[in-house]
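Here the structure comes first, spelled out in structure tokens, and everything after it is commentary.
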Amino acid sequence: MFTHGKSIKIFTGNSNPNLAKAICQELGVPLGNAEVGSFADGENYASIYETVRGSDVFVVQSTCPFEKDGVSHTVNDALMELLIMIDALKRASAGRITAVIPYFGYARQDRKTKPRDPISAKLVANLITRAGADRVLTMDLHANQIQGFFDIPVDNLLGSPVFVDHFLRRFAAVHDETMVVSPDVGSVARARAFAQKLGMGLAIVDKRRQKANSSEVMNIIGDVKDKRVILLDDMVDTGGSLCHAAQALVDIGGAKSVTAAASHGVLSGPAIERINASVLDEVLFLDTIQPREDIAEVCPKIKYLSVAHMFAEAIARIYEERSVSKLFQ
């Protein structure tokens, strides 16, 4: 598959090893031999067990909470694993290091909204760059301007083509009865582009957020009465906003059914219970964050679509020095 002589190596941390293995399978290359874990006091460590000198190295690691050997780990553990692996590879004379971050955490604080706020996204960008990454490959950043926080190249893939293919097949017979809905005003641009690709109408849920992880739905902009609705968001954390928006679409707007689609299923706290109890027919996520092994049992409404092929294609293009822009279309 590859055309030039510089070797390619793909390594993974512990946050999303299944996606890394699927990417390797798509590319026809073995997963790199490495050990990443933590000491008894919680400090993270990484050991690389094969040569990477002069290689084009890709480190797959979402910065999200994860579970390993029955022990829960935080987003900070995932971030430290990524930084330590990059440092180890840099000191081992890797030719180029690409941080493949399917889900980029710490992205919600991308600007100062009130005095004395941090800009955490910029801080994390600095840490990744100073650790030794030469470029970043990610998907559906919470805010597009985060690309500018890095002083290295950033490729921000779009997950919408995966959803577009799925929904074109699923709603082919009832295309004229289906609409795309943005869950808030801030997501309108994403939802509009998605609706255009599907050839569907667009509506907006107008809400007022009172505090973090809570929202109050105020109004539905657009006619969704008797429509099948696709509620599109970039991520679902506690699920409150998504479930409230779905309820409003049914109660206020008169929608026939509501299906949700979001790139990143963070699913913190009561998210799964809320989705189970909601009016949502189905919630689709991409596997940028590794799903729980028992997700089909605890929440049958949640389904996952794979992005391994898209990341494999992007990695192949970066490795072969070909344009990645085709994947943004």
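The values are calculated or read from the model by the stated rules, or taken from the named source; none is laboratory data. Note that this is a predicted model, so its numbers are computed, not measured. Note: ideal-geometry Cβ built from the backbone for every residue, glycine included; neighbour counts use all protein chains shown. Side chains included, ligands, DNA and RNA excluded: accessible areas come from the protein's heavy atoms. Shrake-Rupley method; radii C 1.70, N 1.55, O 1.52, S 1.80 Å.
Descriptive notes on the structure:
- Unique residue being over 16 Å from Asp155 (Cβ atoms), of a type in the set (A, V, I, L, M), over 20 Å from the mean Cα position of the chain (by Cα) and modelled with pLDDT under 95 when the list is Val52, Val71: Val71
- Scanning segment 155-193 for residues that are under 11 Å from Ile230 (Cα atoms), open to solvent by less than 10 Å² (accessible area, probe 1.4 Å) and of a type in the set (A, V, I, L, M) yields Val180, Val181, Ala191.
- Total residues in segment 105-137, condition touching a Pro at 6+ places or on another chain (Cβ under 9 Å) and open to solvent by 10 Å² or more (accessible area, probe 1.4 Å): 4
- Matching residues in segment 6-55 - criterion: being open to solvent by 80 Å² or more (accessible area, probe 1.4 Å), farther than 16 Å from Leu89 by Cα and assigned to a loop (DSSP other than H, G, I, E, B): Pro30, Phe39, Ala40, Asp41, Glu43
- Residue under evaluation Lys256, criteria (1) surrounded by fewer than 21 Cβ atoms within 10 Å (Cβ to Cβ); (2) under 22 Å from Gly159 (Cα atoms); (3) touching a residue at least 60 places away in the same chain (Cβ under 8 Å), criterion not met: (2)
- Any hit, segment 194-201, residues being open to solvent by less than 20 Å² (accessible area, probe 1.4 Å) and not in a helix (DSSP H, G or I): no
- Segment 290-318, subset open to solvent by less than 10 Å² (accessible area, probe 1.4 Å) and within 30 Å of Arg135 (Cα to Cα), residue nearest to the chain's Cα centre (by Cα): Val307
- When segment 259-289 is filtered for residues that are at positive phi and open to solvent by less than 10 Å² (accessible area, probe 1.4 Å), nothing remains.
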